[in-house]
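The values are calculated or read from the model by the stated rules, or taken from the named source; none is laboratory data. Being a predicted model, the structure only gives us computed values, none of them experimental. Please note: Cβ atoms are built from the backbone with ideal geometry, for glycine as well, and neighbour counts cover all protein chains shown. These accessible areas exclude ligands, DNA and RNA; they are computed on the full protein's heavy atoms, side chains included. Shrake-Rupley method; radii C 1.70, N 1.55, O 1.52, S 1.80 Å.
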Amino acid sequence: AATSPAAAPAAPAASKGESLAELEARLEAAESEEAPEPCRPHSRDDFLRRVHSFSNARLWFAKPAALSPPQCARHGWRLGAAADTLVCRVCLAEFKCPTSLDDPAALSAAEGLLRTAHQPLCAWLSNPSPESFGSLLLPARFGAAPSLAEGAARALESLRARHAALLRLPSLPALADGLSPALDEAAAAAGPRRRAVM
(Lines give C-alpha, C1' and ligand atoms only; values in the text may rest on other atoms or scores of the structure.)
Protein backbone atom coordinates (compact mmCIF):
# COMPACT_ATOMS: atom_id res chain seq x y z
CA ALA A 1 0.00 0.00 0.00
CA ALA A 2 1.15 3.54 -0.56
CA THR A 3 2.41 5.31 2.51
CA SER A 4 3.11 8.95 3.08
CA PRO A 5 6.68 10.12 2.78
CA ALA A 6 8.76 9.98 5.92
CA ALA A 7 9.13 13.13 7.94
CA ALA A 8 12.12 15.20 6.97
CA PRO A 9 15.12 14.63 9.22
CA ALA A 10 15.93 17.35 11.70
CA ALA A 11 18.39 19.94 10.52
CA PRO A 12 21.90 19.32 11.79
CA ALA A 13 22.92 21.65 14.58
CA ALA A 14 25.76 24.06 14.02
CA SER A 15 28.96 22.94 15.65
CA LYS A 16 30.97 25.38 17.71
CA GLY A 17 33.15 27.53 15.50
CA GLU A 18 31.28 26.67 12.27
CA SER A 19 30.54 29.69 10.10
CA LEU A 20 27.10 30.42 8.70
CA ALA A 21 28.35 29.68 5.15
CA GLU A 22 29.69 26.27 6.25
CA LEU A 23 26.38 25.42 7.93
CA GLU A 24 24.42 26.48 4.83
CA ALA A 25 26.69 24.35 2.60
CA ARG A 26 26.20 21.36 4.90
CA LEU A 27 22.42 21.86 4.94
CA GLU A 28 22.30 22.14 1.13
CA ALA A 29 24.29 18.91 0.79
CA ALA A 30 21.92 17.10 3.16
CA GLU A 31 18.92 18.53 1.32
CA SER A 32 20.22 17.43 -2.09
CA GLU A 33 20.58 13.84 -0.85
CA GLU A 34 16.93 13.71 0.19
CA ALA A 35 15.55 15.81 -2.68
CA PRO A 36 13.07 14.04 -4.96
CA GLU A 37 14.33 13.32 -8.44
CA PRO A 38 12.54 14.65 -11.52
CA CYS A 39 10.02 12.47 -13.36
CA ARG A 40 11.56 11.83 -16.79
CA PRO A 41 9.71 8.80 -18.19
CA HIS A 42 11.32 9.09 -21.64
CA SER A 43 14.88 9.07 -20.31
CA ARG A 44 16.40 5.66 -20.99
CA ASP A 45 19.29 6.48 -18.64
CA ASP A 46 16.89 7.16 -15.76
CA PHE A 47 15.03 3.94 -16.59
CA LEU A 48 18.26 1.92 -16.52
CA ARG A 49 19.22 3.48 -13.17
CA ARG A 50 15.86 2.41 -11.75
CA VAL A 51 16.33 -1.12 -13.14
CA HIS A 52 19.86 -1.21 -11.69
CA SER A 53 18.42 -0.57 -8.23
CA PHE A 54 17.04 -4.14 -8.39
CA SER A 55 20.54 -5.65 -8.48
CA ASN A 56 20.16 -7.07 -4.95
CA ALA A 57 18.10 -10.13 -5.89
CA ARG A 58 17.49 -11.07 -2.25
CA LEU A 59 15.24 -8.03 -1.83
CA TRP A 60 13.08 -8.67 -4.95
CA PHE A 61 13.02 -12.42 -5.45
CA ALA A 62 10.78 -14.72 -7.54
CA LYS A 63 8.34 -12.12 -8.78
CA PRO A 64 6.15 -12.81 -11.84
CA ALA A 65 6.85 -11.07 -15.15
CA ALA A 66 4.18 -8.44 -14.47
CA LEU A 67 6.24 -7.31 -11.45
CA SER A 68 9.67 -7.72 -13.04
CA PRO A 69 12.30 -5.02 -12.45
CA PRO A 70 11.78 -3.50 -15.94
CA GLN A 71 8.02 -3.30 -15.36
CA CYS A 72 8.48 -1.70 -11.94
CA ALA A 73 11.03 0.75 -13.35
CA ARG A 74 8.66 1.68 -16.19
CA HIS A 75 6.21 2.93 -13.56
CA GLY A 76 8.86 4.95 -11.69
CA TRP A 77 9.70 2.49 -8.90
CA ARG A 78 13.11 1.68 -7.45
CA LEU A 79 13.91 -1.14 -5.07
CA GLY A 80 13.69 0.01 -1.46
CA ALA A 81 15.97 -0.91 1.42
CA ALA A 82 13.60 -3.57 2.79
CA ALA A 83 12.62 -6.81 1.08
CA ASP A 84 9.67 -6.61 -1.34
CA THR A 85 9.49 -2.81 -1.01
CA LEU A 86 9.40 -0.34 -3.88
CA VAL A 87 10.09 3.38 -3.51
CA CYS A 88 9.22 6.28 -5.82
CA ARG A 89 11.93 8.95 -5.64
CA VAL A 90 9.58 11.55 -7.15
CA CYS A 91 6.68 11.45 -4.67
CA LEU A 92 8.52 9.42 -1.99
CA ALA A 93 5.71 6.85 -1.83
CA GLU A 94 6.47 3.26 -0.77
CA PHE A 95 4.79 0.11 -2.03
CA LYS A 96 5.10 -3.16 -0.09
CA CYS A 97 4.52 -6.08 -2.44
CA PRO A 98 2.75 -9.13 -0.98
CA THR A 99 5.14 -12.03 -0.49
CA SER A 100 2.66 -14.60 -1.79
CA LEU A 101 1.43 -13.93 -5.32
CA ASP A 102 0.08 -17.41 -6.06
CA ASP A 103 -3.50 -16.16 -5.91
CA PRO A 104 -4.52 -14.47 -9.20
CA ALA A 105 -6.45 -11.82 -7.25
CA ALA A 106 -3.36 -10.90 -5.22
CA LEU A 107 -1.25 -10.69 -8.38
CA SER A 108 -3.86 -8.52 -10.10
CA ALA A 109 -4.03 -6.23 -7.06
CA ALA A 110 -0.23 -5.93 -6.94
CA GLU A 111 -0.14 -5.09 -10.68
CA GLY A 112 -2.75 -2.39 -10.10
CA LEU A 113 -0.79 -0.93 -7.19
CA LEU A 114 2.28 -0.79 -9.39
CA ARG A 115 0.43 1.89 -11.36
CA THR A 116 -1.61 3.55 -8.59
CA ALA A 117 0.42 3.43 -5.34
CA HIS A 118 2.06 6.78 -6.09
CA GLN A 119 0.99 9.91 -4.23
CA PRO A 120 -2.07 11.66 -5.79
CA LEU A 121 -0.10 14.35 -7.64
CA CYS A 122 2.84 12.20 -8.70
CA ALA A 123 3.64 12.46 -12.40
CA TRP A 124 4.22 8.67 -12.62
CA LEU A 125 0.50 7.96 -12.05
CA SER A 126 -0.41 8.65 -15.66
CA ASN A 127 2.98 8.83 -17.31
CA PRO A 128 4.93 5.53 -17.34
CA SER A 129 8.02 4.97 -19.43
CA PRO A 130 7.41 3.53 -22.90
CA GLU A 131 6.89 -0.24 -23.14
CA SER A 132 9.83 -0.34 -25.54
CA PHE A 133 12.15 0.32 -22.59
CA GLY A 134 11.22 -3.13 -21.29
CA SER A 135 12.12 -4.74 -24.64
CA LEU A 136 15.74 -5.22 -23.75
CA LEU A 137 16.49 -7.80 -26.43
CA LEU A 138 16.37 -5.46 -29.41
CA PRO A 139 18.83 -2.73 -30.30
CA ALA A 140 17.77 0.61 -28.83
CA ARG A 141 17.23 2.24 -32.21
CA PHE A 142 14.32 -0.10 -32.96
CA GLY A 143 12.39 0.85 -29.83
CA ALA A 144 9.46 -1.48 -29.13
CA ALA A 145 9.48 -5.12 -30.00
CA PRO A 146 8.09 -5.42 -33.54
CA SER A 147 4.75 -6.95 -34.37
CA LEU A 148 4.80 -10.21 -36.31
CA ALA A 149 4.15 -8.36 -39.55
CA GLU A 150 7.05 -5.97 -38.97
CA GLY A 151 9.29 -8.53 -37.32
CA ALA A 152 10.69 -10.17 -40.45
CA ALA A 153 11.54 -6.86 -42.12
CA ARG A 154 13.20 -5.48 -38.98
CA ALA A 155 15.11 -8.70 -38.37
CA LEU A 156 16.37 -8.69 -41.94
CA GLU A 157 17.39 -5.03 -41.66
CA SER A 158 19.22 -5.77 -38.41
CA LEU A 159 20.93 -8.80 -39.95
CA ARG A 160 22.11 -6.74 -42.92
CA ALA A 161 23.47 -4.02 -40.62
CA ARG A 162 25.38 -6.58 -38.53
CA HIS A 163 26.65 -8.26 -41.71
CA ALA A 164 27.89 -4.95 -43.09
CA ALA A 165 29.63 -4.18 -39.77
CA LEU A 166 31.36 -7.57 -39.84
CA LEU A 167 32.57 -7.00 -43.39
CA ARG A 168 34.35 -3.82 -42.26
CA LEU A 169 36.54 -5.82 -39.84
CA PRO A 170 40.07 -6.56 -41.08
CA SER A 171 39.71 -10.27 -40.25
CA LEU A 172 37.01 -12.58 -38.98
CA PRO A 173 37.36 -15.60 -36.69
CA ALA A 174 36.96 -19.05 -38.24
CA LEU A 175 33.54 -20.64 -37.83
CA ALA A 176 33.18 -23.93 -36.00
CA ASP A 177 33.11 -27.01 -38.24
CA GLY A 178 29.63 -28.02 -37.12
CA LEU A 179 28.14 -24.61 -37.90
CA SER A 180 27.83 -25.05 -41.68
CA PRO A 181 24.85 -27.48 -41.52
CA ALA A 182 23.10 -25.13 -39.08
CA LEU A 183 23.59 -22.20 -41.46
CA ASP A 184 22.28 -24.25 -44.37
CA GLU A 185 19.24 -25.25 -42.29
CA ALA A 186 18.57 -21.61 -41.35
CA ALA A 187 18.86 -20.53 -44.99
CA ALA A 188 16.46 -23.30 -46.02
CA ALA A 189 13.99 -22.21 -43.33
CA ALA A 190 14.19 -18.62 -44.60
CA GLY A 191 13.09 -19.79 -48.03
CA PRO A 192 14.61 -19.13 -51.42
CA ARG A 193 13.25 -15.59 -51.66
CA ARG A 194 14.78 -14.52 -48.34
CA ARG A 195 18.04 -16.34 -49.07
CA ALA A 196 18.47 -14.35 -52.31
CA VAL A 197 17.73 -11.05 -50.51
CA MET A 198 20.38 -11.73 -47.86
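Can you bin every Cα-Cα distance in the range 49-94 into 5 Å intervals starting at zero and give me the percent of pairs per bin, rounded to whole numbers?
Going from the shortest bin to the longest, the percentages are 5, 26, 37, 25, 6, 0.
Using heavy-atom solvent-accessible surface (probe 1.4 Å) with all chains present, what is the largest-first order of Lys63, Lys96?
Working: Lys63 40, Lys96 110 Å².
Highest to lowest solvent-accessible surface, that is Lys96, Lys63.
Quick check for me: using +1 on Lys/Arg Cβ and -1 on Asp/Glu Cβ, what's the dipole size of the range 53-97 about its Cα centre, in debye to the nearest 20? Display every interim value, and only then the final one.
Working: 6 positive and 2 negative charges, 15 e Å.
With only Lys, Arg, Asp and Glu charged at Cβ, the dipole is about 60 debye.
What order, most packed first, do the peptides 66-79, 106-119 have when packing is the mean number of other Cβ atoms within 10 Å of each residue? Before the final figure, lay out each step's value.
Details: 66-79: 21.4, 106-119: 16.7.
Ranked by mean Cβ neighbours within 10 Å, highest first: 66-79, 106-119.
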